[in-house]
Amino acid sequence: MIGKYKIAALCVSRIYDDSTHELVTELNKNITEKGWRLLVYHTCSDLYWDSASEKGESSVFDLIDMRKIDALIFADNMLKNKQIVYDLIDKAMIFDTPVISIGGNYSDVINIDFDYKSGFEDVVRHVVEYHGLRRLHFMAGTRGNTFSEERIEVFAKVLEENHIEFDRSTMLSYGDFWRDPTVAAVKELLARSDELPQAIICANDTMAIEVCNTLSNAGIKVPDEICVTGFDGIMEINFSTPRITSSICCYGDITRKISGLLSLNKEDLLKEAHYEIKSRLVISESCGCKSSGIISVSNHLSDLENRFSRYKDEEKALYEIGVRILAGKNLKTAANELSSPIIYNMRCMLRKEVINETINPLENDYSGNFGEELCVFYDSDASKPYVPYEIDASAVMPGLEVALDSGYPIILTALNFLNVPLGYTTFSFQSYDICNYEKIPQVVNALNNSIGGYRNLRYQQYITRQVQLLSEYDQLTGLYTRGGSQNAYNTLIDKLAQQDRPITVIMVDLDGLKSINDGYGHNEGDYAIKATASALKNSCPPNSVCIRMGGDEMAAFLSSTQPLDDIKQEIAARLRSVNRTSRKPYPITASVGVYRSPEGEGIPSFEDLIKAADEIMYVEKAEHRRLRAEQKQQ
């Protein structure tokens, strides 16, 4: 439960399809009457291909907290990846959460399906027994398909009971449930038959529509010369000429059954059971009857046109929003770009890792959940300007209990970029308008592309900065490289020139590096270089430009009025301190040359400064060599 409500979790795909929209709408209406509330866990695709993007989409099911929901419901035909279905069932079993499958056949769950067999039998009996037709032909689906074979059996049964011989060689064709094979099968039937059938009974509506079209193109009138029937009750049968007699599988009937089951106690809900809901015979013109409940074609076309126009306008607006997000300074400020009339009743939650621009967005660092905390990236109901904030992941979304009070379903859809889950959106529309449901994949795709693209762009910029740092700074010492020091050096020179002040240059050369490398190894030589670099840098003011010139030679450029000998003594003192504390078997000493440019004469070139300090440093280096030689002789 969440608050005062029992919760049903419905798992579906393609919520913008008419059939899914009908299921969500009818289920919500029926269970809210019983005091329940509906959370819809939705994927924009049916997960058939098991592609990278679909794996990212399916992460929405990780949001299902079996401890908080009181029943798990899924539409089996809407989730093509059956491993996901089995994983959901297994997870539910762990928490003793009742599971209801619509259209599936699974162990340990309640299975509810349409009774396609008896529904199809009603169609065949209507043609044979009501209209009294005896020359019949059956347009089957795909050879070996379970539904197709079952409907062939029903067709044969009804014919046998009405003393009509079923000759499979002349009375059976296969249209593969689709248009082109059906057209070919009808043309073959017309070409080979001396006497046309009185009726063609089709295994689904798509084939029935094509049978009518093909007969009409051949100059054969339906139903005057041949009557035609279909099965399934798809929306298109209302707009065909003539309208198709069929059998409709109504989700309203199934959801009323589910609502009744949810009134049972938990123990009964956990028992495996199977229920079949009979489809409804819909009589129409293609069999020679009059249509009932006619849908206005003009109104429907006008509605489709309005929806398509709205879709195009919203696609353009969402594209512009995405562009502005990509151009944003950071994701937190970019959130306000979502403030638009076309985005409403929406919350967007992001994983905390998404905000971290140092994480590679192409690496799937997903650990199977959304973490303990989420960033509420955007809330369309919050005041503007919007400031993202963090919530506990268990809260699902801000204002969840208030949203449940409205009685409308809450729809959750995962955000993902190249298989990496970014977070998810929640929509809580205050109506059942299908235009709102069509908006969900639009908004989700726009967020996937803009947030995923933003992360990718910012990570590239982060990597570029790191590469720049690698080129600017020496990795061993942390000092500037000679090439990387140019901007900092120019800035220092410009500042000193404006103030008409001299520049001080320090050249440092580590003594005896070869002896250290030869006697103790290159790791120890690197240690001595780093210690010398540290002594130089720490002896200079913070705004100094310290450079590793190459090997064991280093330079520093600084603004200082400190006596030159004091600078040399400070570097030497720091190295003596290192020798005392490191207890290395060798001493670390350095030759230092300090040069200050004459006042009032301008600042010499970089090369001249280095040369001047170098000459002073080499005088000291020669003296150090002399002293070491004398020590060896003693």
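Side notes on the structure shown:
- For the range 214-231, the condition holds for no residue, the condition being that it is in a helix (DSSP H, G or I), β-branched (Val, Ile, Thr) and within 43 Å of the chain's Cα centre (by Cα).
- Residue check: GLU57 meets all listed conditions (1) surrounded by 15 or more Cβ atoms within 10 Å (Cβ to Cβ); (2) at pLDDT 95 or above but one, namely (2).
- Complete set of residues in the range 54-87 that are in a helix (DSSP H, G or I) and of a type in the set (D, E, K, R): GLU54, LYS55, GLU57, ASP62, ASP76, LYS82, ASP87
- In the range 579-602, the residue that is surrounded by the most Cβ atoms within 10 Å (Cβ to Cβ) out of those that are part of a strand (DSSP E or B) and in contact with a Phe, Trp or Tyr (Cβ under 8 Å, 6 or more places away or on another chain) is GLY593.
Every residue, every condition in (1) modelled with pLDDT under 95; (2) over 46 Å from the mean Cα position of the chain (by Cα), yes or no:
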position: THR413; (1), (2): no, no
position: ASP433; (1), (2): yes, no
position: GLY453; (1), (2): yes, no
position: THR464; (1), (2): yes, no
position: GLN486; (1), (2): yes, no
position: ALA497; (1), (2): yes, yes
position: ARG501; (1), (2): yes, yes
position: ASP509; (1), (2): no, yes
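- Selection within the range 66-88 - farther than 16 Å from VAL12 by Cβ and buried (at least 19 other Cβ atoms within 10 Å of the Cβ): ASP70
- Search result, residues across the range 242-295 that are assigned to a strand (DSSP E or B) and not basic (Lys, Arg): THR245, SER246, SER247, ILE248, ALA273, HIS274, TYR275, GLU276, ILE277, LEU281, VAL282
- Helices (runs of 4 or more DSSP H) fully within the range 312-410 counting 1 or more residues that are closer than 30 Å to ILE69 by Cβ and not hydroxyl-bearing (Ser, Thr, Tyr): 352-355, 400-405
For (1) within 21 Å of ASN145 (Cβ to Cβ); (2) of a type in the set (S, T, N, Q); (3) in contact (Cβ under 8 Å) with a residue 40 or more places away in the chain; (4) touching a Leu at 6+ places or on another chain (Cβ under 8 Å), each residue gets a yes or a no:
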| site | (1), (2), (3), (4) |
| --- | --- |
| MET207 | yes, no, yes, no |
| VAL211 | yes, no, yes, no |
| SER216 | no, yes, no, no |
| GLY219 | no, no, no, no |
| PRO223 | no, no, yes, no |
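- Filter pass, GLU357 being at pLDDT below 75, under 20 Å from ASP62 (Cβ atoms) and among the charged types (D, E, K, R): no
- Unmet criterion (only one of (1) touching a Leu at 6+ places or on another chain (Cβ under 6 Å); (2) among the aliphatic types (A, V, I, L, M); (3) closer than 30 Å to ASN345 by Cα) for VAL443: (1)
- Number of residues in the range 92-133 that are closer than 23 Å to TYR174 by Cβ and surrounded by fewer than 15 Cβ atoms within 10 Å (Cβ to Cβ): the value is 0.
- Any hit, the range 567-578, residues being at pLDDT 95 or above, among the β-branched types (Val, Ile, Thr), surrounded by 14 or more Cβ atoms within 10 Å (Cβ to Cβ) and farther than 27 Å from ILE493 by Cα: yes
- Output for the range 74-122, where each listed residue is of a type in the set (Ser, Thr, Tyr), at pLDDT below 95 and within 14 Å of LEU269 (Cα to Cα): SER107
- Positions within the range 603-618 being surrounded by fewer than 11 Cβ atoms within 10 Å (Cβ to Cβ) and either among the hydroxyl-bearing types (Ser, Thr, Tyr) or over 17 Å from VAL545 (Cα atoms) (or both), in sequence order: SER605
- Any hit, the range 214-223, residues being in contact with a Phe, Trp or Tyr (Cβ under 6 Å, 6 or more places away or on another chain) and aliphatic (A, V, I, L, M): no
- Yes/no for ASN416 being out of contact with any Pro (no Cβ under 9 Å at 6 or more places or on another chain) and buried (at least 22 other Cβ atoms within 10 Å of the Cβ): yes
- Which listed residue, of LEU513, LEU479, LEU558, is among the hydrophobic types (A, V, I, L, M, F, W, C), closer than 29 Å to ARG580 by Cα and not assigned by TED's automatic domain parsing to the domain that holds ASP608: LEU479
- Some residue of the range 279-288 being closer than 22 Å to PHE138 by Cα, among the β-branched types (Val, Ile, Thr) and touching a helix residue (DSSP H, G or I) at 6+ places or on another chain (Cβ under 9 Å): yes
- Among (1) modelled with pLDDT of 95 or more; (2) closer than 20 Å to PHE370 by Cβ - the single one ALA71 does not satisfy: (2)
- Residue satisfying all of: in the range 5-40; of a type in the set (S, T, N, Q) and out of contact with any strand residue (DSSP E or B) (no Cβ under 7 Å at 6 or more places or on another chain); surrounded by the fewest Cβ atoms within 10 Å (Cβ to Cβ) among these: SER19
The values are calculated or read from the model by the stated rules, or taken from the named source; none is laboratory data. The shown structure was predicted, so the numbers you read here are calculated from the model rather than taken from an experiment. Every residue, glycine among them, receives a Cβ derived from its backbone with ideal geometry; neighbour counts consider all protein chains shown.
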